[in-house]
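Structure record follows, encoded as C-alpha cells.
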Amino acid sequence: MIIGGGSVGLMISYYLLKKGVKSIVIERKYPGSGNTYKCATGIRASFTSKEHIALMKRSIELWSELRDELGVFYERSGYLWLLSREEDLRTFKTYVSFQNELGIPTKIIDLSEVKCLAPTIVIKDLLAAVYDPLAGKASPFDLILQSWRLLVEKGCKVLAGVEAKKILLSKKGILGVETSAGFIESSTVVLATAYDTVKLLEPLNISVPIEPVPKHAFITEAYRDLFKPLIIDWTTSSYIVQTPHGNFLVGSEIPERPSDKLLNRLEFLRKASKVWTKYFPWMKEAYLLRYWTGYYDMTPDHHPIIGPLDDLEGLYIAAGFSGHGFMMSPSVGEVIADWIAEGRPRVPEALNLSMSRFKKGKLIKEIAVFG
Amino acid sequence: MDSEKVIVCRCEDVLLSDVLRAIERGYRDLESIKRLLRVGMGSCQGRHCLPIIARVLAKTTGLRIDELNYPSSRPPLMPIQLKYFVSDGNEG
C-alpha cells in the first residue's frame, strides 16, 4: 500500500506492477494535487552529489521509456545556467568537472552559444553560461494522468479522496492504515507523502527531518517556440521554462521561512517579472495568466529520504525531495519497488539516502538547489 | 445536439465530445479533466468553460458539484501584462 498519489507514489506503484506486484495507492485529494502539478517540470542529472547524479542518470533513462510506454511528453531540451559573476563561474567550473567525471555532459559555453540556444535573449550583463544537453523537461499532467489510468486498467487501485489517518502496528510490524474510508490492511506501507510524512510518523515517535518551504510560480499565455532549455539565472535564483503548449512558467526565489503560510506576494511578481523581462524585453507584453504557490519539502542536506526504516519492518519512506521529486520519481519508484520485491535497490547510491543517515550523522551535501 | 460541434472551452478549443470521452475513460473530477484537456487553462482561467463542464460532469456521473474538485481560483483576476510589475509608474 502506498500513501500519496503524486508522481512518486504512482511511479512506485507503476514499477511494482512491472514486477508483478499489485498495489493500492491512496490520495487525499486527487492524483498530482500535492506537489507534482505545481512543479517546474525540469529534469536533470547535473547535481553536485554522487547520490543525486546516480539516481537522476537512471531516471533519465526511465523518462525515455515512459515517453514510449505511456505517451508522456518528455524532451531532452537541456538546462542553461546564466552566470554573471566571476566567482560563480569559478564555482561552476568545479561542478562541471565533477559532473563530467561522473558522465554528465555539462559544459561552460560562451555568450554566442547562449544566443543560439535562446535567440531572443539580451546577453549584455552576462559572463558565460553552463549548458547541460542531457537535461530536459516533461509534462507532470501526462505522467499522472497516464500512469493513473494504466494502473487502474491493470487491476491496481488508485483511491482518490481517501486520506490516511493513522498507521497501525502489529507486534511484528505493520497491520495497516486507518483511512477516511475505513481500515486498509497491509503489512507493507510506503509513505510518498512529502511533508505529511512528518505528521503520519509523529504518533509512532519517529521524527522525520522535513520542513516545508514556500515557493512561488506563475505562468503566461502561450507563445510559439522561443527557446528549448530550462533557463536559470544563477544570480537571482530564478528560472523560466517554456511548456510544450507554449506558455512560460516562471519561478524566482524570495525570502520565505520554513512552515510559513502559502501567501501570494507582490514581491514575487515584481522580482520574477524584472529578472525575465530584462533578459527577454518582449516579455513585458506577455500576459500573466496564473500565479500559484507550493512547498519544497526540504531535508537538512537537501537530499530525499528513500528506503526502509531500520526499526519498523514493512515501512518505507520516499519523501523530502527538496524540490526534485518529479524529476526523480521514475528512478525512486523503481528503487522502492526493488527494495520491496528484492530486498535491495539497483542503484546502490540509494542506500546512502535512508533515514538512518541523520542518526549516524552521514548527511549528504548538495550545493545546487534552485528556485 | 451533436457533441462534435459544441465548443465548451473557447480558449483552448475543446469540444463537448472531448469532455464526454474523458469521462468515459474514467476521469471524474474537474482538476484532472482540466489537466487532460486544458479546459480552464486559457485566458479565461475557467470562468466560461468550467461551469459548463461541471454541469456536464455532474449530469453524466450523478455526482454533486461539490464532489467534482472544482479548480481553485488563483490570481490575477484578469490576465495582466508583465510590464505592470516592472514599470516605475510612468510607462505602459
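The table for this structure:
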| quantity | calculated |
| --- | --- |
| Cα shape, the stretch A:1-59, gyration tensor, a/c 1.5 rule | oblate |
| Virtual spin-label span in nm between A:K166 and A:F358, 7 Å along Cα→Cβ | 2.3 |
| Charge dipole (debye, nearest 20) of the protein assembly as shown; +1 at Cβ of Lys and Arg, -1 at Cβ of Asp and Glu | 400 |
| Estimated FRET transfer efficiency (A:K157, B:R64; beta-carbon r; R0 30 Å; 0.05) | 0.80 |
| More than 34 Å apart - percent of Cα-Cα pairs taken over chain A | 25 |
| C-alpha long axis of helix A:86-101 to longest principal axis of chain A, angle in ° | 50 |
| Filtered trypsin sites (Lys or Arg not before Pro), the stretch A:190-262: DSSP coil and at most 12 other beta carbons within 10 Å | A:R224, A:K261 |
| Karplus-derived HN-Hα couplings along the stretch A:172-180 (A = 6.51, B = -1.76, C = 1.60, θ = phi - 60°), whole Hz, x at Gly and Pro | 8, x, 9, 8, x, 10, 7, 10, 5 |
| Pair A:E285, A:N100: separation of 7 Å Cα→Cβ label points (nm) | 4.2 |
| In sequence order, calculated HN-Hα J values of the stretch A:230-245 (Karplus, 6.51, -1.76, 1.60; Hz; x Gly/Pro) | 6, 10, 10, 8, 5, 4, 10, 6, 10, 9, 8, 8, 8, 6, x, 6 |
| Among beta bridges that DSSP assigns inside chain A, antiparallel share in %, nearest 5 | 75 |
| 10 Å Cβ neighbours from other chains, averaged over peptide A:138-145 | 3 |
| Amide H partners (placed H, <5 Å) of B:V8, local residues excluded | B:V14, B:L15, B:L16 |
| 16 Å cut-off, amide nitrogen to a point 7 angstrom out along A:K38 Cα→Cβ, residues in the stretch A:141-170 | A:141 |
| Folded to 0 to 90 degrees: helix A:325-342 orientation relative to chain A principal axis, Cα | 30 |
| Inter-chain Cβ neighbour average for residues B:27-39, partner chain, 10 Å | 4 |
| Separation of alpha-carbon centers, the stretch A:329-362 and the stretch A:1-80, rounded to whole Å | 15 |
| Helix-only CD estimate at 222 nm, as mean residue ellipticity for chain A, using -39500 (n - 2.57) per DSSP H run (n ≥ 4) | -9500 deg cm²/dmol |
| Packing-based order for A:297-309, A:234-246, using average beta carbon neighbours within 10 Å, highest first | A:297-309, A:234-246 |
| A:E65-A:D311 pseudo-label distance in nm [points 7 Å out on the Cα-to-Cβ vector] | 3.6 |
| Rounded to whole Hz, the Karplus (6.51, -1.76, 1.60) HN-Hα couplings of the stretch A:197-209, x for glycine and proline | 3, 4, 5, 6, 9, 3, x, 8, 6, 10, 9, 10, x |
| The stretch A:93-169 - Rg (one decimal) and Dmax (whole number), Cα, Å | 21.9, 62 |
| Protection-proxy order for peptides A:68-75, A:272-279, each taking the mean of Cβ atoms within 10 Å per residue, highest first | A:272-279, A:68-75 |
| Shape call, the stretch A:158-255: gyration tensor on alpha carbons, a/c limit 1.5 | prolate |
| Other protein chain Cβ atoms within 10 Å, averaged over every residue that makes up A:25-35 | 2 |
| All-pairs Cα distance distribution in the stretch B:7-86, expressed in whole percent, bin size 5 Å | 3, 16, 28, 23, 14, 7, 5, 3, 2, 0 |
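Quick note: the coordinates plus some simple rules give every number you see, no bench work behind them. All values derive from a computational prediction rather than experimental measurement. With ideal geometry, Cβ positions are generated from the backbone for all residues, glycine too; neighbour counts draw on all protein chains shown.
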